[in-house]
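Shown next, in structure tokens, is the structure this report addresses.
The values are calculated or read from the model by the stated rules, or taken from the named source; none is laboratory data. Just so we're clear, the structure is a prediction, and the values are computed from it rather than from any experiment. We place every Cβ from the backbone using ideal geometry, glycine too, and count neighbours over all the protein chains shown.
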Amino acid sequence: MTHLAGRGISDITGEAAECGMLGYGKAGQQTTGLHTRLRARAFAFAEGAGPGDRRVLLVVCELPLMSGGIVREVVRRLPPEWTESNVMLTATHTHCGPGGYFHHALYNSNTGGFRPKTYTAVVDGITEAARAALDDLAPAELSLAHGELHGTSANRSRRAFDRNPEADRAHFPEGVDPHTTLLRIARDGASVGAVHWFPVHNTSMTNANTLISSDNKGYAAYAWERLDGGADYLAPEPPALITAFAQTNAADMSPNLNLRPGSGPTENEYDNTRITGARQQESATALIAEAVPLTGPLDHRVTHLDLSRADVGPQYTGDGRAHRTGAPVGGAAALAGAWADGRGFAGFREGRNPLWDALSRRVVYALSPALRDAQAPKALVLPAGPLNRLRPMVQERVPVQLLRIGRLYLIGIPGEVTVVAGLRLRRTVAAVVGADLADVLVAGYSNGYFHYVTTPEEYDAQEYEGGSTLFGRWQLPALCQTAAALAAAMRDGRPADPGTPEPLPRARPRRRAAPADRPPPGQAYGDLLSFARVGDRVTAAFVAAHPANELRRGDTYLAVERRTADGAWTRVADDGDWSTAFRWTRTGRGTSAATVTWTVPADTPAGAYRLRYFGNSAADEPFSGATEPFDLP
């Protein structure tokens, strides 16, 4: 079968100043600029050009989490043949992206509520990437390869992992999932697109960082597209090669190899981001030579599962008895945070929390045997279920999806799945459809978010991941049961029960006064305040306006320019490059400064250069500033 394939890419960067970052959940982690922009990369596949031909769309988004509201709005903007069944929106899970784009209140808790500007940037960018991929559909050669990547992840929850049966642990001798998968898209033998799956948390940057960053998976895509492929993200035409680095079951996989934030493989978070990203990119490019043609049909199914009250059959529970999931509750261990990637709230810890353990056991569980069966031994702290009745905090009815691209199956789960939980989901689907286990992947962080998924055995340890498994001990068995039903429907060529989608809560933007924004007396926007060269680093500060006046999506706040032989200036780097950084800070009441930093790459040719800054006033009047030319030998 000859497939059609198309690719698209777009900027989805939100507010770069004074917006809470989503991921670590720290109130003080507010954006102060950006190191790399965030992008959506879309890949469309079709069996043919006819209206009845099956098709699927995968969009990999450099976001902390995927919001169900984002999914619905993007699908609404696409042609009618694209639905929540054949569209998968998945997040790379950077923890250094602006938040405020959720309709559920919990995820806007450190952003001052819903942020319309960031929400609009994300929706517009994903839609642009998706539409570009649809417009790009053309005959293509698809191929698939699998490999292993070691020395790039560590199990941050080994105590929980070791509670699993030997048969499961034996599948991961090092306690990590090294499985990699590459889907290559080629035309006339040349690569034009690629998706690489590998499970590792996108948390090389710590919760002390306040610059927007696509983190290690973003660096991997950047290194392949721009550093190797010469892509110009600001050019009107799309890059010749578009690559995405997607997640699988990464819940307990940390990039911090020494199991401390910002530690491993070095003690520098920027170096760690670059090295971990480069290892993924090198893994992907190495697999090209091993890729074999990917043939077979496209297919898709989706259902909406009410995880608050799912009845799970005895064949899935592991103890031979039927059980029921419970309303969502966050545990004490969840509030502790995953210590390998960043501590949470003071007063909580992973594992035992004696006060909360005792209260839950002696009061709550004693009064409710059903809740005890669903949630014990979790130390109950955050009753999201009851709070949802007052104001929607978390999603309870969640989409579970199954996509097929030839022999590759993607299980779309809107949460963070541990490696053994992922193994059980993969085995479940592979057994039903008759696929090789390597060809079945869990696509975590897809189509929404409901926190973590652990095995029942891991859940009992009540590490961070177990405390964050909101719907209790039987959540994974419920998902396995649902995935099996989707797989059987796909195998048999019949529709799946779509379930009932959860109503989308109303977005609640907080009324905010426009930030005071003016240049200091006697100065103008864009005026140069300082300039310095120290070693390979060039830094310039300018009189600035608030970055949220204009997000410059698809554009840049800065440029590094080189003078050509005819005296013109040509851009050699922008704010999406690894070598640059844009920082914004208030200097007074209503005044601010922007600092542009360029770390000169070793292979930079000699010549005259300058740094530029671009902004917009509160009245949306564009301006710019520039340094005097400086020479590089």
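Details
- Within the stretch 98-183, helices (runs of 4 or more DSSP H) holding 1 or more residues that are touching a residue at least 40 places away in the same chain (Cβ under 8 Å) and under 18 Å from the mean Cα position of the chain (by Cα): 116-135
- The condition of being without any contact (Cβ under 8 Å) to a residue 40 or more places away in the chain and not aromatic (Phe, Trp, Tyr) holds for Asp188.
- Residue match in the stretch 215-228 (condition: in contact with an Asp or Glu (Cβ under 7 Å, 6 or more places away or on another chain), of a type in the set (Gly, Ala, Ser) and either under 21 Å from Glu416 (Cβ atoms) or modelled with pLDDT under 95 (or both)): yes
- Here Ala524 meets each of (1) surrounded by 14 or more Cβ atoms within 10 Å (Cβ to Cβ); (2) of a type in the set (A, V, I, L, M, F, W, C); (3) in a loop (DSSP other than H, G, I, E, B) with one exception, condition (1).
Conditions tested, residue by residue: (1) modelled with pLDDT under 95; (2) surrounded by 24 or more Cβ atoms within 10 Å (Cβ to Cβ); (3) not in a helix (DSSP H, G or I).
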site	(1), (2), (3)
Val400	no, yes, yes
Arg427	no, no, no
Ala430	no, no, no
Ala435	no, no, yes
Val442	no, yes, yes
Phe450	no, yes, yes
Asp460	no, no, no
Phe471	no, yes, yes
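- Residues being part of a loop (DSSP other than H, G, I, E, B) and farther than 24 Å from Ala559 by Cβ - total across the stretch 1-41: 8
- Any hit, the stretch 406-419, residues being in contact (Cβ under 8 Å) with a residue 40 or more places away in the chain, under 22 Å from Gly23 (Cβ atoms) and either part of a helix (DSSP H, G or I) or outside the structural domain of Glu174 (by TED's automatic domain parsing) (or both): yes
- Qualifying residue in the stretch 285-292 (condition: in the same structural domain as Ala46 (by TED's automatic domain parsing), part of a loop (DSSP other than H, G, I, E, B) and either under 29 Å from Leu408 (Cβ atoms) or touching a Pro at 6+ places or on another chain (Cβ under 9 Å) (or both)): yes
Here is a yes/no grid of residues against (1) surrounded by fewer than 21 Cβ atoms within 10 Å (Cβ to Cβ); (2) in contact with a helix residue (DSSP H, G or I) (Cβ under 8 Å, 6 or more places away or on another chain); (3) assigned to a helix (DSSP H, G or I); (4) without any contact (Cβ under 8 Å) to a residue 12 or more places away in the chain:
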site: Ser204; (1), (2), (3), (4): no, yes, no, no
site: Asn209; (1), (2), (3), (4): no, yes, no, no
site: Gly218; (1), (2), (3), (4): no, yes, yes, no
site: Pro238; (1), (2), (3), (4): yes, yes, no, no
site: Ala278; (1), (2), (3), (4): yes, yes, yes, no
site: Gln281; (1), (2), (3), (4): no, yes, yes, no
site: Thr295; (1), (2), (3), (4): yes, no, no, no
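- Test result for Gly48, farther than 20 Å from Arg184 by Cα and either touching a strand residue (DSSP E or B) at 6+ places or on another chain (Cβ under 8 Å) or not in a strand (DSSP E or B) (or both): no
- Residue count for the stretch 582-633, restricted to those that are in a loop (DSSP other than H, G, I, E, B) and not small (Gly, Ala, Ser): 12
The rows are residues; the columns are (1) over 29 Å from Lys26 (Cβ atoms); (2) free of Cβ contacts under 8 Å to residues at least 12 places away in the same chain.
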residue	(1), (2)
Arg309	yes, no
Gly318	yes, no
Ala322	yes, yes
Gly331	no, no
Ala334	no, no
Gly342	no, no
Ala374	yes, no
Val398	no, no
Leu403	yes, no
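Rundown of residues vs (1) assigned by TED's automatic domain parsing to the domain that holds Ala278; (2) crowded, with 23+ Cβ neighbours inside 10 Å; (3) of a type in the set (S, T, N, Q), yes/no style:
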{"site": "Pro98", "(1), (2), (3)": "yes, yes, no"}
{"site": "Pro116", "(1), (2), (3)": "yes, no, no"}
{"site": "Thr120", "(1), (2), (3)": "yes, no, yes"}
{"site": "Ala145", "(1), (2), (3)": "yes, no, no"}
{"site": "Ala167", "(1), (2), (3)": "yes, no, no"}
{"site": "Ala186", "(1), (2), (3)": "yes, no, no"}
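- Selection within the stretch 32-50 - farther than 19 Å from Leu403 by Cα and either more than 17 Å from the chain's Cα centre (by Cα) or without any contact (Cβ under 8 Å) to a residue 12 or more places away in the chain (or both): Thr32, Gly33, Ala49, Gly50
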